[in-house]
Amino acid sequence: MGNVKPTRNFFSSTMEVTMRGSGIIGTIVLVWLLIGVVAAWQRDYFKGDQASCASAGTVAVTVIAGPLNYAGVNPKVKDCHLPQPSSMPALTY
């Protein structure tokens, strides 16, 4: 019985590995998105005077594509339709 280790160490080390793993994944996602921002900046997507749904969508998909931009992916949004607010009669009291 002297060689039995308490289960508390098992759970604390398992939790530590899980926390470390999520930190690594978070770092990878952050670097991925930063590479996408650099790609959008190099394509001068942030300089345009034209502010439309399509241009904002193109910037967004370029950032999400991240390093794939340097592998030949050139995502663009050409046609963007935003939903219109529903017309609702005014409330009277």
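Every number in this text was worked out from the coordinates using simple rules, so none of it is lab data. All values reported here derive from a predicted model rather than from experimental measurement. Because the Cβ atoms are built from the backbone with ideal geometry, glycine has one as well, and the counts that use them run over all protein chains shown.
Side notes on the structure shown:
- In plain terms, the residue of Ile28, Ile35 with the fewest other Cβ atoms within 10 Å comes first and the most crowded comes last, giving Ile28, Ile35.
- Straightening the chain between Asp44 and Cys80 buys 10.9 nm, computed as 0.36 nm per residue apart minus the Cα-Cα spacing.
- Value in Å of the Kirkwood radius, where region 32-79 supplies the Cα pairs that are averaged: 10.5 Å
- Extension gain, Ala51 back to Ile64 (0.36 nm per residue minus Cα-Cα distance, nm): 2.8 nm
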